[in-house]
Amino acid sequence: MSASNIRLLCLALVSIGLLYFFLPWLSASAASPDIESLSEVAEGQRHRQCLPFTEQERLGGHCRNLHDISAPERQQIERLDMRLQEDGRDVTASGFSDITGYFRDIVVLPSGELVVVGGRGLKVARSDADARHWTLDSYSGFADGLLGVAMGPDGRGYAVGQNGGVIFETRNGGRDWEPFNRVFDDLNDAQVEALNVPMGLFDVAFADADTAVAVGYESLLRTIDDGLDWHRIELPIDMDDVNLQEVVFTGPDRGWTVGSGGTVLRTDDAGADWQAVDIGAEDAHLTTVAFVDPDHGCIGGGLSVWCTRDGGGTWQATKLTLPRPVAYEPDVGVFRLRFLDANQAWLITQDGLVYRSKDGGDSWTLWLDLTRPGREDSAGVMLAGLALGNGRAWVVGSGTLKPGPDADPRWDTRRSPIMLSWPLDP
């Protein structure tokens, strides 16, 4: 072979080598579509979802959802009632037909209809005006649940829960829901970690029409654009192993959230910044906060209630009187507290006690006891959600209520969530 042919052969081999080296990069650069090409916003929805995996493969890219939520399974359920016999109290106890699991939170709409959330399976349900018939959507086949719900007067609302801290939104009063989502081409994106709450979100509240805050395990998320996007807010305390349990706003700026380890935080700028408040709760597992006006509110946890009448400047503690001695004080006692007005308030404990206050939270009287020895109609009851509205108190939870003589023949709370309700005094 001549020298010139050898040179040509060498040049050809070098060219082939360079082509071999750069071809993958060139192909990837040319073929990799942007994230918008790998996702879409479905008709009637607001948030992007990744295209099916087969379509991603065809396009030569990768897209990952923040949360993969199934399309809901919808069913119609019915409330099944019986009367509870308790010192002449007019209490209706209810189970539900054809479902299993639990209800965790409840709100009363201005129309009188109810919205509840729970599990298992990321459940959300809305009642008719009589709260007799319900439409139930289940978004998961697993044991995860929705744990908190907030509804605005204009039909917008949020529900939050487990499965990495899911957030659902509704624009029509709870009739239909859409999960908040972000799409990523790299799961190592810092925003994936920022928006993922491994142990879940427990509650959510509106500051104004566009601003809301969701709280949960070591986390506080905030939206300022009507739920189009959410961001993690840095907090002024060590949040290691702190569960923020409930959040409430007394106006467009002032808000409160409480949690484990005696944690109380206050915001004066609609949730952008927070400061720690010492109410003297030490390490109590605080689970609930409610205000009747910007100055007057109460916080509950363990078997105690702390109330303020000066906007949080000072707090007075009250200990609940239990109906019988206990071997130890539960970490989780008081679970939800709500005001009817400046004087009347109600609270529930997780293990089945209902208390009433007639003096704005300064003192509490046992009103209903689902745990007393010898009761034949209840066992293993856990109460979780409390709402006041439309002239009634509503409580949701789980457990076993044995059917009384007037119970609907389909009654079976061994399998379904439970609900209690009673008329409120005018």
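The values are calculated or read from the model by the stated rules, or taken from the named source; none is laboratory data. Keep in mind it's a predicted model, so treat the numbers as computed, not measured. Because the Cβ atoms are built from the backbone with ideal geometry, glycine has one as well, and the counts that use them run over all protein chains shown. These area figures cover heavy atoms from the full protein model, side chains too; ligands, DNA and RNA do not enter into them. Shrake-Rupley method; radii C 1.70, N 1.55, O 1.52, S 1.80 Å.
Things worth noting here:
- Shape call, the stretch 187-245: gyration tensor on alpha carbons, a/c limit 1.5: oblate
- Per-bin percent of Cα-Cα distances, the stretch 28-155 [10 Å]: 11, 29, 27, 17, 10, 4, 2, 0
- Radius ratio Rg over Rh of the stretch 52-114, counting only Cα atoms, Kirkwood formula for Rh: 1.27
- Computed from the C-beta positions of ASP226 and ASP425, the FRET efficiency with R₀ = 56 Å rounds to 0.90.
- Rounded to the nearest 20, the Cβ-based charge dipole of the chain about its Cα centre (Lys and Arg +1, Asp and Glu -1) stands at 1000 debye.
- Protection proxy ranking of 140-153, 32-45 - average other beta-carbon atoms within 10 Å, highest first: 140-153, 32-45
- Measure of compaction for the stretch 114-165 (Cα Rg per 2.2 N^0.38 Å): 1.16
- A simple charge model with +1 on the Cβ of Lys and Arg, -1 on the Cβ of Asp and Glu and nothing else charged puts the dipole of the stretch 353-420 at about 140 debye relative to its Cα centre.
- Normalised alpha carbon radius of gyration of the stretch 293-399 [divisor 2.2 N^0.38 Å]: 1.08
- Put a dot 7 Å past the Cα of ASN196, heading toward its Cβ, do the same for PHE142, and the two dots end up 1.2 nm apart.
- Each residue was assigned an accessible area with a 1.4 Å probe, and for VAL326 the value is about 80 Å².
- Ordering GLN275, LEU147, MET239 by the projection of their Cα atoms onto the charge dipole of the chain, which places +1 on the Cβ of Lys and Arg and -1 on the Cβ of Asp and Glu, puts LEU147 at the extreme positive end.
- Where trypsin sites (Lys or Arg not before Pro) in DSSP loops with at most 14 other Cβ within 10 Å are excluded, longest remaining stretch of the chain: 176-357
- With protein chains left intact and a 1.4 Å probe, residues in the stretch 268-426 average 44 Å² of accessible area per residue.
- Label corresponding to semi-axes √(5λ) of the Cα gyration tensor in Å when calculated from the structure given, among [x] 50, 26, 18; [y] 50, 25, 21; [z] 31, 21, 20: [x]
- Dividing the summed helix terms, -39500 (n - 2.57) for each DSSP H run of n ≥ 4, by the number of residues in the chain produces a 222 nm estimate of -3000 deg cm²/dmol to the nearest 500.
- In sequence order, the stretch 130-138 has phi-based couplings of 8, 6, 8, 10, 9, 9, 10, 10, 10 Hz under the Karplus curve 6.51 cos²θ - 1.76 cosθ + 1.60, θ = phi - 60°, and Gly or Pro positions carry x.
- If R0 is taken as 25 Å, the Cβ-Cβ distance between GLU234 and ASN65 corresponds to a FRET efficiency of 0.50.
- With a Förster radius of 45 Å applied to the beta-carbon distance between ALA342 and VAL41, the computed FRET efficiency rounds to 0.45.
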